[in-house]
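First comes the structure, then the notes that go with it.
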Amino acid sequence: SYSDDTYLWYQELPDIDPKTVPTTSEYFELMKTDSLSESGRPKDRYHYTEDTETWNNYFERGANVGYGMRLASTIESGEPYRLFVLYSEPQSPAAIASIERGAEIISVNNEAVSGGLSQSMYDSLFPEEIGEENSFEVIPLGSEESQEVKITSSEIVITPVQKVSIFEHGVATVGYFLFNQHIASAEKYLVQTIEVLKD
């Protein structure tokens, strides 16, 4: 009933008796549409499950495991798959390794990204345990030279509001901030940021 209430393609869900599936996580892995969009890509490309403790830790504290870099991919018909860094969390392993906004990741553990992400590459990019070390070949923004970087996963506490600045645009004074995550800990950061801009 939760899926019927909240899932975008609820009318396309398979009718599976939960008693026929060994575990809850396996059941929810099956509870998604397999339909394709008009472009031929799966409609649901983001389906995942996680245990309640992990979710609460993330939502309440903004804490998760990883390298502290947010990624985005480009998928164009007939073009190589490309993977870019949207931003890095302050003081995260990615930031300490100088993996910053605009950098392109071209290989993961010597496996080229251009052909798409294999399961092992995905697992390396999104580790589930603290202390996992992986190697990335990265081209920083504005450079043509790649560099190999080894980074180790750790607990990342998200900074939901970043890059607070004020600048002049013509006759207007503009306040800017980067708001990344709508989680419980974001409220105090938003209040503080608005006070700074107000002052």
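The values are calculated or read from the model by the stated rules, or taken from the named source; none is laboratory data. Owing to the predicted nature of the structure, the values given are computational and were not obtained by experimental measurement. As a convention, Cβ positions derive from the backbone with ideal geometry for all residues, glycine included, and neighbour counts pool all protein chains shown. Surface accessibility is based on the protein's heavy atoms, side chains included, excluding ligands, DNA and RNA. Shrake-Rupley method; radii C 1.70, N 1.55, O 1.52, S 1.80 Å.
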Could you give the length gained on full extension between THR52 and SER25, defined as 0.36 nm per residue of separation minus the Cα-Cα distance, in nm?
8.6 nm
Calculated FRET value between ASP15 and LYS198, using beta carbons and R₀ = 41 Å, to 0.05:
0.15
Accessible heavy-atom area order of ILE166, ILE106, ILE158, highest first, probe of 1.4 Å:
ILE166, ILE106, ILE158
Provide the convex hull volume over Cα atoms per residue for region 43-84, in Å³.
101 Å³
Counting only DSSP loop positions in region 46-107, the GluC sites (Glu not before Pro) whose Cβ has at most 16 other Cβ atoms within 10 Å are GLU50, GLU76, GLU100
Using 1/(1 + (r/R0)^6) with R0 = 35 angstrom and r between the beta carbons of TYR2 and GLU133, what's the FRET efficiency to the nearest 0.05?
0.40
Quick check for you: with a 1.4 Å probe and neighbouring chains kept, what is the accessible area per residue of region 1-85, in Å²?
75 Å²
How large a share of the accessible area of the chain, in percent, is made up of carbon and sulfur atoms when the probe is 1.4 Å and the other protein chains stay in place?
50 percent
Hey, what's the Cα Rg ratio for the chain versus the globular rule of thumb, 2.2 N^0.38 Å?
1.22
Measuring from centroid to centroid over Cα atoms, what is the spacing of region 48-124 and region 125-150 in Å?
9 Å
Taking only Cα atoms, what is the 0 to 90° angle, nearest 10, from helix 52-61's long axis to the longest principal axis of the chain?
20 degrees
With all protein chains modelled, accessible area of MET69 [1.4 Å, Å²]:
30 Å²
Rank VAL149, VAL164 by accessible area, highest first, at a 1.4 Å probe radius?
VAL164, VAL149
Work out the FRET efficiency for SER143 and VAL164 from their Cβ-Cβ distance, taking R0 = 22 Å, and round it to the nearest 0.05.
0.20
Counting every Cα pair in region 157-199, what percent are over 14 Å apart?
47 percent
